[in-house]
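Read-outs: derived from the displayed coordinates by stated rules, not from any lab. These figures come from a predicted structure and were not determined experimentally. Don't worry about glycine lacking a Cβ; one is built from the backbone with ideal geometry, like all the others, and counts go over all protein chains shown.
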Amino acid sequence: MISYEIHTFRAGQWKADSVFDSRDIALMEAQKIVDGGRYSSIQVLEETYDEQTNKSTVKTIFKGGRKVDDRPTAKSAARKSLAPDKRKAARPEPKQPSRRAPPPKKRTGLVLPVAILVLIAAIGMAALIGLRYYT
Amino acid sequence: MERVPEGTERTEITEEMPQGMERRLVLRLLGHWRSLCKESEYPSFFDLDPQSIPDIWKNCFVLEIFPDGSEPRFRAMGDILATSIDQSLINQPISAATRKSLPGVAISFLDEVLRKGVPISRGDEYFKDDGTKVLYRSILLPMSDDGETVSGILGAVNCREVQEG
């Protein structure tokens, strides 16, 4: 029995997307996914299952989208090989920010406008009282 | 599988079915399913509107999958599928669908879909009681109420009869 599985590369790993028993349909759908641009990389795997031996053979028959290099890099491999203690030492210590006295807070300019408003209100009140007295 | 009556001429189908309506049906439904998924792993039945896919819906059906593992049941069926069987399968368990019926053959790989959790499309053939060969292609699409756990299946099946003799 032969199956064709479409796999998409997402969140850093290959995941099964869909399965078909027709090579043409699988390739057609894979191309549609590539054209859609939703996933960065797509591949189609042909899996042949031998009932007599109970074994499967898998081969890639299509790759689309951006090239994905999911092999470990030399840097990541070296990082993994370090013991935890050494890994800690190898990592540079983050710089501590220097402690300075906080700058003095500036007074907000509210006193003057409030004083002006109070003065205007007082003048207004006086004028009203004066008008009542003389009329 | 029932034996074909003696004397029937056998026509060997060496090519796959022509790229006509049959394949486009399952792929169109798959495309619609993908559009409903958005950012989730699976779409919800709440987002499925049969009126938005009137041509496809005629060949569709819906299964409810129960979390306790009890037998899935048919919950909805399009007109073409419904008329292809003698008795309604709505609210019936999947075991009620005979193997020589379109709904019955369409769900033959349901276990695989539930195990892998991805859409699967398969095609095959079966013989009706009168010896007519029926070529079909179906697709089963996992659906979910919470976007993660499969709680239902949206399926579709299309077929072509090959008259022999």
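Here's a check for you: in region A:1-24, which residue that is touching a residue at least 40 places away in the same chain (Cβ under 8 Å) and assigned to a strand (DSSP E or B) is surrounded by the most Cβ atoms within 10 Å (Cβ to Cβ)?
A:Y4
Across region A:25-39, what is the total count of residues that are in a helix (DSSP H, G or I) and basic (K, R)? It would help to see each step written out before you state the result.
First pass over region A:25-39, keeping only residues in a helix (DSSP H, G or I): A:25-36.
Next, from what is left, pick out any that are basic (K, R): A:32.
Of the residues in region A:25-39, 1 are in a helix (DSSP H, G or I) and basic (K, R).
Which one of B:P119, B:P142, B:P103 is of a type outside the set (D, E, K, R), on the phi < 0 side of the Ramachandran plot and facing chain A (nearest Cβ under 9 Å)?
B:P119
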